[in-house]
Amino acid sequence: MTILGNILWILLGGIFVSIGYLIPGLLFCLTIIGIPFGVQLIKLAGLSLLPFGKEIYDKPQSNSCLATIFNILWIVLGGIWVSLSHLIFAALCAVTIIGIPFARQHIKLMAFALTPFGKDFK
């Protein structure tokens, strides 16, 4: 199911979501101040390219002061809108039975996109 789900995800628009995260991530990495945010965007690009079969987990330093500050900055500077867009796409996908697995992946991306600092996926 993971391979089929990932193939369908890519064909039905996952490649565009991934590119949408990758390009700003690379642009953020051009500046010293933007590197932490660029790295998180590149991680989001990787997760949004092949989300089926991936699990999100908290890193051991996920409750550190720096991760909390960066998550607050992330939410204020646009993370809330990215998360809401995944929530809207999840609601649209969940309308049909066939779209429910895709809705679950959007919920996973929503959780990761809201507070990416201190989280990773495997």
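What the table shows:
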| quantity | calculated |
| --- | --- |
| Global form of segment 81-122, assessed from the alpha-carbon gyration tensor, a/c cut-off 1.5 | oblate |
| Full-stretch length increase - residue 3, residue 104 - with 0.36 nm per residue and alpha-carbon distance subtracted | 34.8 nm |
| Prolate/oblate/rounded label for segment 34-102 (Cα gyration tensor, a/c 1.5) | prolate |
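Where a number appears in this text, it was derived from the coordinates with a stated rule and is not lab data. None of the values given here were measured: they were computed from a predicted structure.
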